[in-house]
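Okay, so here's the structure we're looking at.
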Amino acid sequence: MTHASGRRCEGSENEILAEADAFDMLDLYARVRCPVLIINGTAAELGAGPDWIKELMAAYRKGIQRDLAELAGRRGNIRVANLSASHALVFEQPHAVADEILTFLR
């Protein structure tokens, strides 16, 4: 498998890519009929790990951000809040997460 940068992926990189491709969360979100708040952490580089995973996740996050925006544009029940945080956004930006939730619930 080849990474978006053109570099060939090996070992655990392939496993991570395969797992990400196998789970289609966008399809799941599209089938939900009630109001949905998706809080998306866009700063994958803030997370722990080796440089190659940070690079991989940054590209993945950009694609997710694009796809979520498109989905929210198609589905009026979906609201996407993008926060500059990693996968641990609840710990990195607890007040911003709480504000998004409170705004959504009002």
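Structural remarks
- Unit charges at the beta carbon, dipole of the range 12-105: most positive-side option, His87, Leu37, Ile64: Leu37
- A Förster distance of 22 Å, applied to the separation of the beta-carbon atoms of Ile53 and Val32, puts the FRET efficiency at 0.15.
- Near Ile39, the amide H atoms lying under 5 Å from its own belong to Ala81; only residues 5 or more places off or on other chains count, and H is placed 1.01 Å from N.
- Relative contact order computed over the range 12-105 (Cα-Cα under 8 Å; 6+ residues apart), in percent: 34 percent
- Share of alpha-carbon pairs per 5 Å distance bin for the range 12-105, given as whole %: 3, 13, 21, 22, 21, 13, 6, 2
- In a simple Cβ point-charge model (Lys, Arg +1; Asp, Glu -1; nothing else charged), the range 12-105 has a dipole of about 560 debye relative to its Cα centre.
Where a number appears in this text, it was derived from the coordinates with a stated rule and is not lab data. What you see is a predicted model; the values in this text were computed from it and never measured. Note that we place each Cβ from the backbone using ideal geometry, even for glycine, and neighbour counts take in every protein chain shown.
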